[in-house]
Structures are given as structure tokens and as C-alpha cells.
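Undergrad: Here it is, the structure in full.
What follows draws every value from the coordinates through simple rules; no lab data is involved. Because the structure is predicted, anything quoted here is derived from the model rather than measured. Heads up, the Cβs are rebuilt from the backbone with ideal geometry, glycines too, and the neighbour counts pull from every protein chain shown.
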Amino acid sequence: MLYNLAQGPLVWVAFILFVAGSVYQVTRLLALTRKTEAHRWGRTPDAGPLSGTRPADGLSGRWTARLRLSIAGTQPLTIGVTVIFHTLLFLVPLFLLAHNILVDEAWGFSLFAVREKLSDYLTWLFLACALFFLLRRMLLARVRALSSFQDYYILFLAAAPFASGFLAYHQIFDYRMVITLHMLLGELMLVSIPFTRIAHMFLFFVLRFLVAHEYSLGSGRRVWR
């Protein structure tokens, strides 16, 4: 019964809540901002938050300053693991052979799929990155002090579908139980995305490219109200 729900109706419920929640969050964010006067009247805005950089430095000087002050400049190991973690979080499920077979059976098309052995290695690498973040939150006092239940919940949500999918593929424990758990965890993550900090996966682009602030990737067309 639960297996049939997880592979059918709950998928659509999760997808609908994900789309509706994402649209709501983007709309809500845009409502908290307004167009800059320069863009409202068609003028070119000033250089932006780092316009204090000397003109002679040019674009490279501004980007060097941003890099030096960012986490990439102060904690390169953390940013390296972060890039790997987020890349695999998106690419592994998208190009997994088993997922593409299901998509092909349901809608008649599929994407490029990586070899199953490579998928195993990438899953282990992703779980190692998740363990790095867990230990970092638990062992570093400055990170632990800022961590809430939601931070651990999000890390669990990201890692659990990978771990359960690995167990299901290799048929460790009862297959039907594990694959049902895998589907439920994936659906729970999909629903949670717009309503937790995972929403940064799409709000990142709104904030970095549309809203002007010290970490903008451009001049920004909007400012906070």
C-alpha cells in the first residue's frame, strides 16, 4: 500500500507542492525588493556595492576583492567540498541509470546516464562530503554555535536519499522496504526545498543577479525596500 502511494500519488503531490512553494518564495522575495531608480528610468547604474574600488583596478580588481573577502578566499577547503557536494546533489540523481529508466517508462524519453559503477563512486564521494559538513558543524565551535535543528535536518534530507538509493540498488536489507523509504525521502526533500534553507538553490540566482548587494554577480536591477 505505502509502496504504491510512494511511486504514484505522492510523487505528484510532492511535485505540485515544490512548484507552488518555489513560485511563492520567488514572488515573496521580489515583493521585498524594488527596481533601482536607474533601471526604472532606463539609465545605467553605478558600479555597485564595490564601486569604492579604485577605477584603475577595473573589473579584475573588483572581482579580486570579492574573492578575497568571500568564503572561497578565507576557507578554500570548505568551498571546494561545497562545490562538489552541490554538483553531485544535482547531477547524480539526474543522470542515474535507474532514474532514467523510470523516466523513459513514464514519459518516453531519457537523459544521458552514467555507468552504474561510476554512480557508486559518486555516491560515496557525496556521502563523504555530507560527513565533512556534519563533522564541521559538530566539532567547530563557531559553526556549532550557529547551527540549528534545521541545519542538521537539511543535511539529513540531502544525504538520506543517496544512502537509501545505494542500499536499494545493492539490495542490502529488504529491497521493497528500502526502495519505499528511498522514494518517500526523495519526496520529502522535494517538498522541503521551498520551505527550508534549501530554497537557496533557486533564490541564489535571484539574489546574486537581480538584487544589488555586496555579493552581487553584477550591478543588480533591484534593491531592498
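Undergrad: Once amide H atoms are built 1.01 Å from N in the peptide plane, which residues 5 or more positions from residue 33, or in another chain, come under 5 Å H to H?
TA: 225
Undergrad: Still on this structure, please answer the following. Which whole-Hz ³J(HN,Hα) couplings does the range 15-22 yield from phi under the Karplus relation 6.51 cos²θ - 1.76 cosθ + 1.60, θ = phi - 60°, glycine and proline marked x?
TA: 5, 5, 5, 5, 5, 4, x, 5
Undergrad: Still on this structure, please answer the following. HN-Hα J couplings of the range 151-166 from phi, Karplus 6.51/-1.76/1.60, θ = phi - 60°, integer Hz, Gly and Pro as x?
TA: Working through the residues one at a time gives 4, 6, 4, 5, 5, 4, 4, 6, 7, 4, x, 5, 5, 5, x, 4 Hz.
Undergrad: So for the pair residue 4, residue 224, with labels modelled 7 Å out along Cα→Cβ, what separation do we get in nm?
TA: That separation, rounded to one decimal, is 5.2 nm.
Undergrad: I've got another one for you. Could you go through the range 136-145 in sequence order and give the Karplus-derived ³J(HN,Hα) for each residue, using 6.51 cos²θ - 1.76 cosθ + 1.60 with θ = phi - 60°, rounded to whole Hz, and x for Gly and Pro?
TA: Coupling constants for the range 136-145: 4, 5, 7, 9, 8, 4, 5, 7, 4, 5 Hz.
Undergrad: Taking amide H positions as placed in the peptide plane 1.01 Å from N, state which residues far from residue 222 in sequence (5 or more) or on other chains have amide H under 5 Å from it.
TA: Here 36, 211, 212 satisfy the definition.
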